[in-house]
1. Does D562 count as on the phi < 0 side of the Ramachandran plot, assigned by TED's automatic domain parsing to the domain that holds N479, touching a Lys or Arg at 6+ places or on another chain (Cβ under 6 Å) and of a type in the set (D, E, K, R)?
2. Being within 25 Å of N139 (Cβ to Cβ), in contact with a Cys (Cβ under 9 Å, 6 or more places away or on another chain) and either buried (at least 20 other Cβ atoms within 10 Å of the Cβ) or not assigned by TED's automatic domain parsing to the domain that holds K513 (or both) narrows it down to one of D235, D290, so name that one.
3. What's the number of the condition K369 fails, among (1) of a type outside the set (S, T, Y); (2) modelled with pLDDT of 95 or more; (3) loosely packed, with under 13 Cβ neighbours inside 10 Å?
4. What is the number of the single condition among (1) assigned to a loop (DSSP other than H, G, I, E, B); (2) within 16 Å of A532 (Cβ to Cβ); (3) polar (S, T, N, Q) that Q264 does not meet?
5. Check whether at least one residue in segment 49-59 is in contact with a Gly (Cβ under 9 Å, 6 or more places away or on another chain), under 28 Å from Y126 (Cβ atoms) and surrounded by 16 or more Cβ atoms within 10 Å (Cβ to Cβ), and report yes or no.
6. Please state which of the following conditions H31 fails to meet, knowing it meets all the rest: (1) surrounded by 18 or more Cβ atoms within 10 Å (Cβ to Cβ); (2) free of Cβ contacts under 8 Å to residues at least 12 places away in the same chain.
Amino acid sequence: MYKTHSCGELRSEHAGQMVELAGWVHRQRDHGGVTFIDLRDRYGIVQVVADPARPEVGAIQEARAEWVLKIAGIVRRRPAGAENPNMATGQIEIEATSVQVLNQARPLPFLVNKDEDTDEALRLKYRYLDLRRERMQNNMILRHHVVKFIRDYLSERGFLEIETPMLFKTTPEGARDYLVPSRLQPGMFYALPQSPQQLKQLLMVSGFDRYFQIARCLRDEDLRGDRQPEFTQLDLEMSFVERDDVLQLVEGLFTKMVKDILPQKRLLASPWPCLTYAEAVERYGSDKPDLRFGMELYGLNEIFAHTDFMVFQNVIKSGGVIKCIVAPGCAEYTRKEVDDLTTFAREQGAKGLATLALAADGVKGTAQKFIKPEDVSAIQARTGAKTGDLVLFIADSKAVANKTLSALRLLFRDRLGLADPDVLAFAWVVDFPMFEYNAEDQKWDAAHHPFTMPKMEDLPKFETDPAQILSDAYDMVLNGYETASGSIRIHRSDIQQKVFQLLGLKDEEIQSKFGHMIEAFQFGAPPHGGMAPGIDRLLMIFAGEPNIREVIAFPKNQAGRDLMADAPSPASERQLNELQIKLDLKKAEEPK
């Protein structure tokens, strides 16, 4: 072994011991003929002091940032007044007796001994250096603890961890598949799994009533801060359960995880609140509401039922809504600030934005002229708005009003610091619509996925009103993010066939794509359900990071490229010939 101890474990009780350490030079400084370095490994940092005039330690004077050293020395207490309370090892230092250079490091493209702003492309190109930073190391350690906790918690409750194939068939998860050509069967393709959805259901048919997997999932979709082309989820499934059985298990898992692993965080509520989809959208404009602050949406159609203002009149007559939010303490916003909010609202799809400023010297704002004093009082009674607040109105279709006010709500959350970053506001959202109508293709799409069980009492609506069918689907939301999605699954072949047919699939298409599922349900499939919390997204929130790249060891950039390995990259002519693939690059380069 190169070392007897890690750099982070030595304390005052080790004083007088001879130790051997190995790690990276975190910092080096010379003080009057004595050289100090901070030696670092993933366990911590320790100060080493040496007299470079002594031949056996002379190499320490030449050492530079990120050189790899092996150091032998004696642990001694630091002189009184020289202790460093900011270091776990700050009571001691190592008096070096020998220094060996294990490897040198050329000048770094950026500093790793402090967390300074660095161009993201540079960080991703040299990700192995970026990962040496303390923040990134802590993120990876947190990731390990979270995954280990999951494995231990579920194993203690009778779950089996079972791996499923990475080469499978297309799974209907709503994104493009990554296709893998088969050399042995020319012209045929595997698909990388968007999730193990079909396979975990088949495991239920197999009799493994409690399954989980730390599953890798791959989706060829447009990227953003909380989305990567490959990601990790906790995939779990249970047989002979109803919705609340699944919710109870997962709520228990994450409630205990926060207590044991994230003591610096606190839950907003326990047990977690549970909202229906309709309630969440009505109150917060979103099916993934951030519950750490109020600022709910309020419907005002009743108040303006007899208004003389033509814009509001026309919206109500056309079946639209008038809704508002109240921005606390923002009554003194300038005309430019209000104009900027109006521009933001239009970017969300709204036709405009009206405001009512409840200023100390009277009511002002763009809506002041057409809102009667009695309406102002009714609005205040309805919303709780008080002097000093700014009321923002959207008059539009329900979908546009909810979307716009939800976006404005989050804008004010960040601008006014309304949400405590140390609070975790878990909640459940249930009773989602089963289908969404695709006006462009003039057909019904599955709102969740086609293996979701509809509410049994809504089965007659398949023939009469598909828009009113609710599903037994549920989401786990946290601080404004959807962090898990799940459902009770279809286990009967007749219901599964009915869903596929409503989605417009022909019988031969159903058999070709999903025949194995239909057949499996005919061999005694048990009732079952589950969900799939996204580990990367949860870790992003737990670690207080702005995007999931910060909690993934080797992520892709926004364009889906691995800048470190320069991937994707061209395949050789020989590889393409083996797969009987011919590229048409001219067609690929044509403007879309």
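1. On the way: on the phi < 0 side of the Ramachandran plot: yes; assigned by TED's automatic domain parsing to the domain that holds N479: yes; touching a Lys or Arg at 6+ places or on another chain (Cβ under 6 Å): yes; of a type in the set (D, E, K, R): yes.
Here the answer is yes, as D562 does meet what is asked.
2. Values: D290 fails: in contact with a Cys (Cβ under 9 Å, 6 or more places away or on another chain).
Exactly one of D235, D290 is within 25 Å of N139 (Cβ to Cβ), in contact with a Cys (Cβ under 9 Å, 6 or more places away or on another chain) and either buried (at least 20 other Cβ atoms within 10 Å of the Cβ) or not assigned by TED's automatic domain parsing to the domain that holds K513 (or both), namely D235.
3. Evaluating K369 over (1) of a type outside the set (S, T, Y); (2) modelled with pLDDT of 95 or more; (3) loosely packed, with under 13 Cβ neighbours inside 10 Å leaves (2) as the failure.
4. If we test Q264 against (1) assigned to a loop (DSSP other than H, G, I, E, B); (2) within 16 Å of A532 (Cβ to Cβ); (3) polar (S, T, N, Q), just (2) comes out false.
5. Step one: of segment 49-59, the residues in contact with a Gly (Cβ under 9 Å, 6 or more places away or on another chain) are 49-53, 57.
Next, from what is left, pick out any that are under 28 Å from Y126 (Cβ atoms): none.
No, the conditions are met nowhere in segment 49-59.
6. Just one mismatch for H31, condition (1).
Here's the yes/no breakdown for (1) in a loop (DSSP other than H, G, I, E, B); (2) of a type in the set (G, A, S):
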{"site": "V180", "(1), (2)": "no, no"}
{"site": "Q198", "(1), (2)": "no, no"}
{"site": "Q201", "(1), (2)": "no, no"}
{"site": "G207", "(1), (2)": "yes, yes"}
{"site": "F212", "(1), (2)": "no, no"}
{"site": "C217", "(1), (2)": "no, no"}
{"site": "D222", "(1), (2)": "yes, no"}
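Conditions (1) in a loop (DSSP other than H, G, I, E, B); (2) hydrophobic (A, V, I, L, M, F, W, C); (3) more than 29 Å from L563 (Cβ to Cβ), marked per residue:
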site	(1), (2), (3)
Y128	no, no, no
R135	no, no, no
N138	no, no, no
I141	no, yes, no
G158	yes, no, yes
T164	yes, no, yes
P193	yes, no, no
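The values are calculated or read from the model by the stated rules, or taken from the named source; none is laboratory data. Note that the structure is predicted; figures quoted are calculated from it, not measured. For neighbour counting, all protein chains shown are included, and Cβ atoms are generated from backbone atoms with ideal geometry for every residue, glycine included.
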